[in-house]
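One structure is given here, and the rest of the page talks about it.
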Amino acid sequence: MKKNYSNKPNLLIFASGDREGGGSGLEKLVEAINDGTLHANPVAVVSNHEFGGVRKRADRLGIRFIYSPKGRTAEDYKRIIEETQADYVALSGWLGHIEGHDPSKTINIHPAYMPSKYHGKGFYGHHVHEAVLADYKAGLVQHHGVTMHYATDIYDDPSTIIFRTKVEIKPDDTVGSLAARVNAVEHLWQAKITNMVLTGQITWDGVKGSPVKGAVIEG
């Protein structure tokens, strides 16, 4: 039976995934919506893989799928957001810079405690975990982490953090085991923090340099 999401903010999700898999964050957000943890109406999910893992999950979950190939412009992003009548945008594993959006209504999740160090082009997925694990073995960092922030015109903007928590690194960790632990923390917190933004518990006026109110910073 199709869920009734009326009278809730419209949430548009961007999730790249790949040709075979991905989209676990999307699925966890939808699960949280269905169990009442996240008060939102999931209007659609966008991916740059037309028939990839994200589409498979979207079809199974009954969520509208939008294919948006690479080479997008600010006008493309703006058009998709307007067409779906999205009130908020969640970037959940989205590999690309977003433009043409309202940064005070757009939130990103990043698998690192220090986005100012592990950010920008090339720092996604296992690449981040490889870099953090290498720095751990070199004695440069003591832990990994997860960060959520408002998405501005700066990649992984460290000035608009709304949530940050540490993730333990174990001496015998591999990139795979560390990635799995970080992913579990992302799944634990993403919906909760997203809901705090949608319900006004965390706010930002979108002006560069102004503070984020209600941010949850752990560790």
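Taken together, the values in this text are just the output of simple stated rules run on the coordinates, not laboratory data. Computed from a predicted structure; not experimentally measured. All Cβ positions, glycine included, derive from the backbone under ideal geometry; neighbour counts span all protein chains shown.
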- Task: Exactly one condition in (1) within 14 Å of the chain's Cα centre (by Cα); (2) β-branched (Val, Ile, Thr); (3) surrounded by fewer than 22 Cβ atoms within 10 Å (Cβ to Cβ) is not met by Val45; state its number.
- Result: (3)
- Filtering strands (runs of 3 or more DSSP E) wholly in the stretch 1-83 for at least 1 residues that are closer than 21 Å to Thr199 by Cα and of a type outside the set (A, V, I, L, M) gives 10-14, 41-47
- the stretch 124-154: number of residues that are out of contact with any helix residue (DSSP H, G or I) (no Cβ under 9 Å at 6 or more places or on another chain) and surrounded by fewer than 17 Cβ atoms within 10 Å (Cβ to Cβ): 5
- Could you please find all residues in the stretch 84-110 being outside any helix (DSSP H, G or I) and among the small types (Gly, Ala, Ser)? Ala86, Ala90, Ser92, Gly93, Gly96, Gly100
- Query: So which of Ile63, Ile98 ends up being of a type in the set (Val, Ile, Thr), in contact with a Pro (Cβ under 6 Å, 6 or more places away or on another chain) and under 30 Å from Arg181 (Cβ atoms)?
  - Reply: Ile63
- Note on the structure: For the stretch 10-42 the number of residues that are over 16 Å from the mean Cα position of the chain (by Cα) and on the phi > 0 side of the Ramachandran plot is 1
- Task: With respect to Gly206, determine if the residue is in contact (Cβ under 8 Å) with a residue 60 or more places away in the chain, closer than 19 Å to Lys105 by Cβ and part of a loop (DSSP other than H, G, I, E, B).
- Result: yes
- Query: Which residue pairs have Cβ atoms under 7 Å apart, sit 6 or more places apart or on different chains, and have a first residue in the stretch 188-202 that is of a type in the set (A, V, I, L, M, F, W, C) and a second that is assigned to a helix (DSSP H, G or I)?
  - Reply: Ala191/Lys28; Ala191/Leu29; Ala191/Ala32; Ile202/Met196
